[in-house]
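Structure first, then comments.
The values are calculated or read from the model by the stated rules, or taken from the named source; none is laboratory data. Keep in mind that what you see is a predicted model, and the values were worked out from it rather than measured. So basically every Cβ, Gly included, is an ideal-geometry build from the backbone, and we count neighbours across all protein chains shown.
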Amino acid sequence: MPGYNPAMTLIFDYIADLAPWIYVLCGLSALVYLYRVRRIRTERLQAIFALERERAARATVGVVTSVVGLLVVMGLTYFISKVDQAVKEEAGSETPVEARTESGSAPALGADPGLNPADETTGTGQVAIQPEDLRNVPFCEDESALLSSPAVDDELVGTVAVQGTAAHDDLGSYVIDIAPGSDPADQDFTLLGQAYNNVRKGLLGEFDASTIGLSGPYTLRLSVLDANDAPLATCSVNVRIVN
């Protein structure tokens, strides 16, 4: 989060770690003050002289002030904890997660076994991909569709976990598809899978890279769609299939 220096971040981390204990101490202190209020009220009712009643009233004001101070401390602790959590999440979202096999409740992404990159035919009748430079950064339109893994230029082998964010207020579904090359046309993409729930910084799905086609550069794309399947946001990343 912009504007926080390392010293301030360290202080926030320390307070956030102590937050549960601060809440407990404030709660116990509040119970003690409530007990004191009860005693002061009893003394005030039993007071005969005006001076005693005035002293009880001042004591009540002091206790109420202390309770308000406890509430302020708890509120500041809660605010600092939330800010510290937001800073850590922002820092974590900037670190790509390596592509890996991961079991979970995300939809399984099935590939089309017949997908072959159509760049050039070799003498054996197989389709080969011409070597080409991959882009250095993923292309994402906004935060509604973000791919954190696989990362740019990752070599994909076997089962691949696709991780990132697909979340929008008008989300109807999100789809993951793939196409050969680093700058393919829309009609070249083949659907890997589709899901209908918002996902934030989590597992979007999995697919088997061995079923995609020949080794070479590919473009993996995440698209967030509305209820009418109109695109709301997309994010694509250039990777390499290794078979």
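Overview of values
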quantity	calculated
Region 12-41 - residue that is of a type in the set (V, I, T) and in contact (Cβ under 8 Å) with a residue 12 or more places away in the chain and, of those, farthest from T77 (Cα to Cα)	I40
Per-region count, region 24-63, residues within 50 Å of the chain's Cα centre (by Cα), among the hydrophobic types (A, V, I, L, M, F, W, C) and farther than 30 Å from F12 by Cβ	5
Answer from A166, A179 - the residue that is surrounded by 15 or more Cβ atoms within 10 Å (Cβ to Cβ) and under 15 Å from P231 (Cα atoms)	A166
Selection count, region 134-160, where residues are at pLDDT 90 or above, outside any loop (DSSP other than H, G, I, E, B) and within 26 Å of D226 (Cβ to Cβ)	5
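Residues are listed down the side, and each one gets a yes or a no for (1) modelled with pLDDT of 75 or more; (2) of a type in the set (A, V, I, L, M, F, W, C):
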{"position": "A57", "(1), (2)": "yes, yes"}
{"position": "T60", "(1), (2)": "yes, no"}
{"position": "V64", "(1), (2)": "yes, yes"}
{"position": "V68", "(1), (2)": "yes, yes"}
{"position": "V72", "(1), (2)": "yes, yes"}
{"position": "V83", "(1), (2)": "yes, yes"}
{"position": "E89", "(1), (2)": "no, no"}
